[in-house]
Amino acid sequence: MNRAYTGLRGLLACVVLVGLIGVGAVAGQVETSTEGMVATAHQLASDAGAEILAAGGNAVDAAVAAAFAITVVEPNASSLGGEGFMVLSLADGRDIAIDYRSVAPGHITYEDDNDEPRYGPESTCVPGLVAGLATALEDYGTMTLAEVMAPAIRLAKNGFPLDEGLQTRISDAYEWMSADPTASAVYLPDGLVPDVGSNLVQADMAHALELIAAQGPKIFYRGEIALAIEAATEGFLGYSDLQRYAAVIRNPVLSTYRGYEVIGAPPNVAGATVAQALNILETFDLAGYTWSDSGAIHLIAESLKVASADRLPYVGDPDFFEVPLDTLLSKEYAEVRAGLIDPNSAIFPTNSVPAGDLEAFELIGAVDEAYSASTTQVSVLDDAGNAVSITQTLSSFWGSRVMVPGYGFFINDELHNFNDYNPDNLADINVHEPFKRPRTVIAPTIVRDTEGEVFLVLGSPGAGRIPSTVVETIVNVIDFGMTLEDAIRTPKFCSRVSYKELRIEGGYPQAALDALEALGHTLKTSYGELDLYFGGINAILVEDGVITGVGSFRRDGGASAP
Amino acid sequence: MEGLPLRSNIHCNRRGEAAAVALHGKREMPMKHGRRTWGIAVLLILALGLAAVAQEEVQTESMTFTQPALITSIGQSAGAAQARVVALKAGLEATYMQRATLEDLEGSSTLIVVLGASSKGLGAAGVDIDGEITWATELFDKARELEIRIIAMHIEGGSRRGPSSDLTITTFAPLADYLIVKGSMPDTEWTADEAANGNADGLFTTIAGENEIPIAYIEATLGAVDVLIELFDIQPEG
């Protein structure tokens, strides 16, 4: 404990020093330790988690602390009014997924198509973040809400130096934000975008956090905050909608890749797509390739493309549909799907990839039950071996742009993630329904090594790019033997059936791009290097007892150890 | 400087040349070759904290701008919308059009362009940076045809610098009659976060010097309020 507190003092001193000299963007993006690690999209959120680890908390305590803190220091990307998915790999052998996705309000019907506005009260779903984090803490943590929320409250109340990333997001939001007196009072002092380095205080958010810390999630779902949400959304989210919300404990998606165990988030997010892509890719030999070889890019891209073709017809809210996970995740099915891929020619057009015929395939075989057990991994790892991976979101930056007056947080705009009602496609499993979760592509993921030890904890923002970014990072480490830092920094691409072209981040050699075009890929290369569009992996790697944490290079992330 | 009430510490004058430390902004007139050494010496003295010795009134050519002004963006960042807020605080009669048309220039006496590219903003406007440059060139040509004077502003700091933003700066700042930049004056300490410094590399200073354009340096966006008050000789209400 003495060493822990000494470490904490040192850490706090570093934070103060960094704040004073204003060079915090790079420091801490890569960190090593043997005691535990927290990697998030913001150094201060990672520090919050590390503070809890140093105080004796386990990985769940630290993850919840970091998750609340990230809503403060990155309020555009996640929020008390947002949602998420958490995957846990506990040292006692349990693997758990906590689904705290948002749900449609009760008055929604299938005929509510996407004519609803993208922003504003009618774009919102019932937020799940507070329930999810509280559930995780209560069931798997060791500390109280008040203890783990203390860093977040401190950051909101005392403020923190505005970083360039958040300043850019505020600047991008200037047009609508300047017309909103509630939001502009916080983020546009004097009506202007604040300077990098200025102290950002979020007093109303601190108030909301303090209420939750003192009274638990009931204040959010059954108390004054619920009423405030109802008022802020003009009744679109009703008090009764909030009252009935509950996070759901689910079994994680389990698969293997070249002997490693992969633990992902179950439907209706993208863990299954990641697992399918890796299963398909496993049928090809990547030995001898490097990340920039067109042959490797082609095989990875085609695997992702084929895997994503099954997402639309088969992946929906598991509380409404039976998702055929056993078949989707079986190695035999992957062999069949891999047969669609020609190493010498790209599938074009991309949306010509057919979904798999599962009814026919179930005659072949199902998943090995040995792989359907439980194990998971996250962006937090403690010295006992507990790991937690969380991906949480508001959907769009700033979500619905509806800020709850007096409580200082934004509400998500998840409703647009449902599909349009289409009378010609009555089988669509992602149409609006009351209390249903819209399908999205978040993919918190954990990889265990051949000894069954936590090896890699990762996840990413980036909407439709998430499965590609997660798969490529795993392949970079396992197949190409990269360090975690290099695996994250290396350029990324995105491939899925719904993209007409292969989207390529800046940094690939021109020869590879030419070769990909020769294979029949249509390329979109108008992206910069380390482009935020391709996500922002925050990850932890354990190798030879050394824990390496890396905060995203595409998003000013940070890693912190106790 | 007729029509430009300089209430502040003057440590260099135009054609001599000048840098005026305004209440909130730091204004500099470009130096001509023959007096560059003298100007540099004064700046060095200032850097040593001896600015008080240079308090004097200077005579320069008129640099008064007249109202009403039209505020627009070149690069479609949020800077122009913020310039509108600054103009309101200054009491300036101005119209804000995020992407003004040539017709919008009619009736305006001054064009205020805010430089800085935003990929998000360009995307929302449905143009790329090349299209933006083409459009802005036409806007400048029309302004010159109508004898409208132009103020170019860059008020979003170092985070609004980069290849596309710099293209708007290097293309249009040399064509302006006056520059306002949130950034450091040469040889002076920048006390705010470095990311807030839009002139850390001296690009604006170079452009101002090479093209003999007067320039005002501000440390915070709000500093542009006082610069506009002086440039437009706005009298306080009441």
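Throughout, read-outs are computed from the coordinates displayed, never taken from laboratory work. Everything quoted here is computed from the prediction, not taken from an experiment. Please note: Cβ atoms are built from the backbone with ideal geometry, for glycine as well, and neighbour counts cover all protein chains shown.
Between residue A:234 and residue A:138, full extension at 0.36 nm per residue minus the direct alpha carbon distance yields a gain of 31.3 nm. So, counting K/R as plus one and D/E as minus one, what does the shell of residues with Cβ under 15 Å around residue A:168 add up to? Spelling it out: positives minus negatives among the neighbours equals -4. Hydrophobic, long helices, defined as DSSP H runs whose alpha-carbon span along the helix axis is 15 Å or greater and whose mean Kyte-Doolittle value is at least 0.0, occur in chain A at A:2-21, A:43-54, A:59-73, A:129-140, A:145-158, A:203-215, A:271-282, A:294-309, A:466-478.
Spin-label model, residue A:453/residue A:285: points 7 Å from Cα along the beta carbon direction are separated by 3.0 nm. The label-point distance for residue B:146 and residue A:523, in a model that sets each label 7 Å from Cα toward Cβ, rounds to 4.5 nm.
Tell me, in nm to one decimal, what length is gained between residue A:201 and residue A:501 on full extension, where the rule is 0.36 nm per residue of separation less the Cα-Cα distance? Extra length from residue A:201 to residue A:501 when fully extended: 103.7 nm.
Of the residues A:244, B:149, A:437, the one with the fewest other Cβ atoms within 10 Å heads the list, and the complete ranking is A:244, B:149, A:437.
Taking the helices alone, the protein assembly as shown has a mean residue ellipticity at 222 nm of -10000 deg cm²/dmol, built from -39,500 (n - 2.57) per DSSP H run of at least 4 residues and averaged over all its residues.
Given a Förster radius of 35 Å and the C-beta distance between residue B:95 and residue A:211 as r, what FRET efficiency does 1/(1 + (r/R0)^6) yield to the nearest 0.05? E between residue B:95 and residue A:211, to the nearest 0.05, is 0.20. When you filter the GluC sites (Glu not before Pro) in the range A:246-355 for DSSP loop state and at most 12 other Cβ atoms inside 10 Å of their Cβ, you are left with A:322. Projected onto their three principal axes, the Cα atoms of the protein assembly as shown cover extents of 92, 60, 53 Å, largest first.
Relative contact order, whole percent, for chain A stands at 26, derived from Cα pairs under 8 Å and 6 or more residues apart.
Using the Cβ-Cβ distance between residue B:190 and residue B:104 with R0 set to 30 Å, the FRET efficiency works out to roughly 0.25.
The residues packed around residue A:69, meaning those with a beta-carbon under 11 Å from its beta-carbon, carry a net charge of -2 if Lys and Arg are +1 and Asp and Glu are -1. Measuring against 22 Å, Cα to Cα, the residue pairs A:436/B:120; A:331/A:436; A:305/A:500; B:120/B:142; A:305/A:331; A:436/A:500 contain A:436/B:120; A:331/A:436; B:120/B:142; A:436/A:500 as the ones spanning a longer distance. For the range A:239-306, a simple Cβ point-charge model (Lys and Arg +1, Asp and Glu -1, everything else neutral) yields a dipole of about 280 debye relative to the Cα centre. Residue by residue along B:220-229, Cβ atoms of other protein chains within 10 Å of the local Cβ number 2 on average. Simple spin-label estimate for residue A:249 and residue B:67 gives 6.8 nm between the two label positions (7 Å along the Cα-to-Cβ direction from each Cα).
Applying 1/(1 + (r/R0)^6) with r as the Cβ-Cβ distance of residue A:344 and residue B:237 and R0 = 56 angstrom yields a FRET efficiency of 0.15. For residue A:222 and residue A:511, the difference between the fully extended length at 0.36 nm per residue and the C-alpha to C-alpha distance is 98.1 nm.
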